[in-house]
1. Considering segment 129-143 alone, what residues qualify as being among the basic types (Lys, Arg) and either without any contact (Cβ under 8 Å) to a residue 40 or more places away in the chain or not in a loop (DSSP other than H, G, I, E, B) (or both)?
2. Run LEU342 past the list (1) in the same structural domain as THR305 (by TED's automatic domain parsing); (2) exposed (fewer than 12 other Cβ atoms within 10 Å of the Cβ) and report the number of the one that doesn't hold.
3. Return the residues of segment 144-194 that are more than 19 Å from GLU69 (Cβ to Cβ), in contact (Cβ under 8 Å) with a residue 60 or more places away in the chain and under 17 Å from the mean Cα position of the chain (by Cα); say none if nothing qualifies.
4. Only one residue in LEU372, LEU310 is in the same structural domain as ILE272 (by TED's automatic domain parsing), modelled with pLDDT of 85 or more and hydrophobic (A, V, I, L, M, F, W, C), so which one is that?
5. Within segment 364-413, how many residues are among the β-branched types (Val, Ile, Thr), loosely packed, with under 14 Cβ neighbours inside 10 Å and without any contact (Cβ under 8 Å) to a residue 12 or more places away in the chain?
6. Take residues that are at pLDDT 90 or above and within 28 Å of ASN350 (Cα to Cα) and tell me which of the strands (runs of 3 or more DSSP E) falling wholly in segment 42-128 contain 3 or more.
7. Could you tell me whether SER353 is surrounded by fewer than 20 Cβ atoms within 10 Å (Cβ to Cβ) and touching a residue at least 60 places away in the same chain (Cβ under 8 Å)?
8. Among the residues of segment 330-346, count how many are under 14 Å from the mean Cα position of the chain (by Cα) and closer than 22 Å to GLY393 by Cα.
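The values are calculated or read from the model by the stated rules, or taken from the named source; none is laboratory data. From a predicted model like this one, the values you see are computed outputs, not experimental measurements. Methodologically, a virtual Cβ is constructed for each residue, glycine included, from the backbone with ideal geometry; neighbour enumeration extends over all protein chains shown.
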Amino acid sequence: MRTKQNRATMYNSVIKSSSSLSLTSNESTSSPNTINSNFSPIMRNDYSLDSVCCTKRSLHTFSHMWIVENFSSYLEDPEPIICLSSAPFSPISGISITTQWRLVCYPKGNYGASSNYMSIFLEYIKGERDIKAKAEYSLVNRKCELTEIRKDIQFSVYKCGNSRGFINYVKYETLTLLENETLDDDKLKIYVRITIMDDAITEETKYQEFDDSESINFTTRGLEGLVRDFTQLLLQSPPKMSDIKIRVTILYATFDDDSIQSPVIFYAHKLILAARSPVFAAMFSNRTLENTTNTIDINDLHPNTIQSMLEYIYTGKVTDIKKSTVELYRCADKYQLEDLRLQAEMALMNSISIETSAEILLLADQHHSKDLKSRVIQFIVNGNLKAITQTDGWHRYVACIPDLVTEVIQATTIE
């Protein structure tokens, strides 16, 4: 059992904070042109604590993405007022997990909106109690960047059936000008982040050396610092203490049918590569040519792809996953970077179109990705077969592989 002296030591920082507040309070009540030099705050560090209570209020944040396809058609629709609604969605944790919400969009503005503005609202559609919440709205452009961010200044009380948002959210010209890059293949992507405030709860707590929440904060800051330091390590040219060279060779065809080899060099660390990739681990654990010469030669991938791979290996993320998704998927599969492969696969699923479907289908077949293959075949048979079979990609990637053609035809029959 802890003694009162130990308790006083544990809460010494609380006492110091209270003393500082007392000094500030006394100074604020004195004359603005004089300082009370005789003021001497009483410092009491010898009291003990027998119990502590804590008042807690939880904030739960959840997000949702709503994709509106062929968005420009709504702006060209002759109807003066058009209302679109998203599917219902719910928080994934907290006491409000059973509530349901949806987004409501007026592409050409709501009643009372200024001309040439789109309106956006968040509607509370299912729940047994009033909810205190606030929302932040954004559009996701074709670079996967958040733009046109608008957020509620403070929390509001939502009753079931209530909706709140911005009547004059964004101008039409922002949505239609190509240089703004807001629409991605005529898809408007609306992202909302909602924060729900729970009621305050006061409870008695036990004495403890460290607060669990502080441990979580230290863990988060530690991971952020780790990513920051490894990013700086990768950006140095060459990186400090690098012991492996990656030489990427690109072949350019000339008018004389010759080729010009233009190597691009990357520097890295064997230990980091081996820790992240089983392929590199095997390469550096044996007397391979790469391990002996400290050089890895790559001639089947583009330098940008290798740069993205190294960024993922060192930091756990890729800045622009959509820049070379097909090649990045091949690269991740080649070096058994499972998380990167899944990220690239998700990006490919979101990029399926009439022009890209044939190449993605071949990629999924070559790398035995059932989910990706199923998704692209579903896209082809859902009314796009005729248009896709007329593309250059179909004749280049699929038409010459009878098994793939047969799978597509069979799926069309089932559909």
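1. Initially, segment 129-143 is screened for residues among the basic types (Lys, Arg), giving 129, 132, 134, 142-143.
Within segment 129-143, ARG129, LYS132, LYS134 qualify.
2. So LEU342 meets the others, but not (2).
3. Of everything in segment 144-194, those that are more than 19 Å from GLU69 (Cβ to Cβ), in contact (Cβ under 8 Å) with a residue 60 or more places away in the chain and under 17 Å from the mean Cα position of the chain (by Cα) turn out to be ARG193, ILE194.
4. Values: LEU372 fails: in the same structural domain as ILE272 (by TED's automatic domain parsing).
The match here is LEU310.
5. Adding up the residues that qualify gives 3.
6. Working: elements: 52-56, 59-68, 100-106, 117-126.
Ranges flagged: 59-68, 100-106, 117-126.
7. Working: surrounded by fewer than 20 Cβ atoms within 10 Å (Cβ to Cβ): yes; touching a residue at least 60 places away in the same chain (Cβ under 8 Å): yes.
In short, yes.
8. Within segment 330-346, residues that are under 14 Å from the mean Cα position of the chain (by Cα) and closer than 22 Å to GLY393 by Cα number 2.
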